[in-house]
Amino acid sequence: MAKIAIITPVILNTPELVNMTLNFTKSIHSRDHFIKLFLIHNDSGPLPRAAEFKQIMQSKSMDIKVIHNGTNRGVPYAYNEGLYRAQCKGFQTFILGNNDVLLAQQTIDQLYASFRKNDYLMLSAVDRRPELSPDQLQTISRFPADLQSSARGFKPASDYAFILFSKTTLNLIGYFDEQFSPAYFDDDDYSARLWIAGHDSAAFTGAPMIHLSGITNTSKPGRICTHKKFRLNRTKFVNKWGCEPFKSCKPAVQHYYPHPCNDTSRSLYIPYGHQ
């Protein structure tokens with residue numbers, strides 16, 4: 001049995017965002033592993049409906065830890081804080097999970113099993129919209145991988161909406177680069193560092209999810225970014241890597257500029273306050 005920490009940054013300042021996060025929490029299942037949900041609450045004040053979150057996790061024999069960040073320092077900071085806290089509690093396997101994701105009953109177990117059998121340093125679930133509705137996702141007990149595809153069940157573009165990796169990955173690649181706050185291009189930067197270091201990532205078709213359309217991209221209540229912030233972080237990425245992001249390893253290693261500052265041995269971003 002593995003201990004898996006799910007790290008989920010949230011801002012819960014509207015009833016819609018609270019309900020969405022509760023639905024994500026309800027969809028977390030594992031028959032084989034111990035799960036602890038680290039909710040990074042990027043807002044002032046107490047967590048809304050905290051008792052409901054705790055009750056949901058306890059009903060599944062799982063645990064929950066709410067980490068309060070009084071001000072919103074951005075998604076990469078929240079990821080780093082969650083990764084640091086999870087390691088302090090002895091976790092060596094991590095999932096970064098969006099709160100606008102829904103999972104099938106076997107998603108986590110199948111994702112972990114595939115990760116253990118293969119050489120990818122990061123492995124994500126696959127978004128099955130519009131092929132499946134949320135109700136269909138919950139009623140199907142097992143999703144076989146697409147073994148007829150050229151990649152034998154894998155897609156080259158991993159999805160940071162729900163992605164699994166281990167402490168080995170963290171030791172090799174480091175933490176997330178907090179200059180990409182409040183959001184956007186932090187995941188592209190992490191993949192770039194992974195690929196330039198000679199490793200690969202993928203999405204496993206046997207681990208389905210439904211990603212309910214990026215609340216951070218489209219909603220003011222999410223307060224994650226504005227169009228100006230998106231353009232600013234894209235400029236930061238281009239300045240760092242020499243071109244726009246690629247979504248798979250092969251073109252990235254051909255075109256990204258391997259500047260010394262992108263050497264993974266010098267890229268161990270330590271969460272602020274924990275140096």
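The values are calculated or read from the model by the stated rules, or taken from the named source; none is laboratory data. As the structure is a prediction and not an experimental result, all values here were calculated from the model. Using ideal geometry, Cβ is built from the backbone for each residue, glycine included, and neighbour counts are taken over all protein chains shown. Note: accessible area is taken over every heavy atom of the protein model, side chains too, but ligands, DNA and RNA are not part of it. Shrake-Rupley method; radii C 1.70, N 1.55, O 1.52, S 1.80 Å.
Observations on the structure shown:
- Thr71 accessible area, 1.4 Å probe, all protein chains in place, Å² to nearest 10: 90
- Amide hydrogen neighbours beyond the local backbone of Ala207, cut-off 5 Å, H modeled: Val126
- Taking all protein chains together and a 1.4 Å probe, the residues His255, His29 rank His255, His29 from largest to smallest accessible area.
- Solvent-accessible surface (1.4 angstrom probe) belonging to Leu172, in square angstrom, nearest 10: 70
- At full extension, Thr71 and Asp32 could sit 10.4 nm farther apart than now, given 0.36 nm per residue minus the alpha carbon distance.
- Less than 5 angstrom separates the built amide H of Lys65 from those of Leu37, Phe38, Leu39, all sequence-distant by 5 or more or on a different chain.
- For the range 1-76, the share of accessible area belonging to carbon and sulfur comes to 50 percent (1.4 Å probe, ligands and nucleic acids excluded).
- Here the extension length gained between Ser59 and Lys117 equals 17.9 nm, from 0.36 nm per residue of separation less the Cα-Cα distance.
- Residues whose placed amide H lies under 5 Å from that of Phe176, excluding near-sequence neighbours: Asn80
- Using a Förster distance of 51 Å, the FRET efficiency for Cys243-Arg49 (Cβ separation, nearest 0.05): 0.70
- For the range 37-130, the Rg and Dmax computed from alpha carbons only, in angstrom: 14.8, 43
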